[in-house]
Amino acid sequence: MVEITTKIKCSDDERIVKEIKKTLDEIGAKRNFKGYRMWITAAMYVINKSKSVYEEYEMKEVYEHISKRHKSTYTKSERAMRYVLDDLDKEKIKKFFGVPYKITNSTFLILLIDKVEDRLKSAAY
């Protein structure tokens, strides 16, 4: 089980989606991949679903939501999202997020949400 937390207020989904896209674009994710749209859906799902700061999620739950939303299967959704990561420069991703370890789908989701959260906080000030 992976713990994913967020402190983002969900009052402005459009602004959050814009920041998610900006972050994905900065690391070189290709917009024409189906997994690109799935990453946006996954991040928005976790952000909107968080009732408390320390809500826990299993990636299985996230994949199930994505597969329903994108009319796909659990396995195809996981693979499409992983394909986006596999296509990127691993060292660039590690440097961008400031981490030395391998980035998996669950790790990437946490890092993506944290980066978006930080940007929205700094924009508010």
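The values are calculated or read from the model by the stated rules, or taken from the named source; none is laboratory data. Just so you know, these numbers come straight off a predicted model, no measurement behind them. Please note: Cβ atoms are built from the backbone with ideal geometry, for glycine as well, and neighbour counts cover all protein chains shown.
Assorted remarks:
- Filter result for ALA124 (of a type in the set (Gly, Ala, Ser), under 20 Å from MET44 (Cα atoms) and modelled with pLDDT under 95): yes
- Residue that is surrounded by the fewest Cβ atoms within 10 Å (Cβ to Cβ) [pool: residues in region 77-105 that are among the polar types (S, T, N, Q) and part of a helix (DSSP H, G or I)]: ASN105
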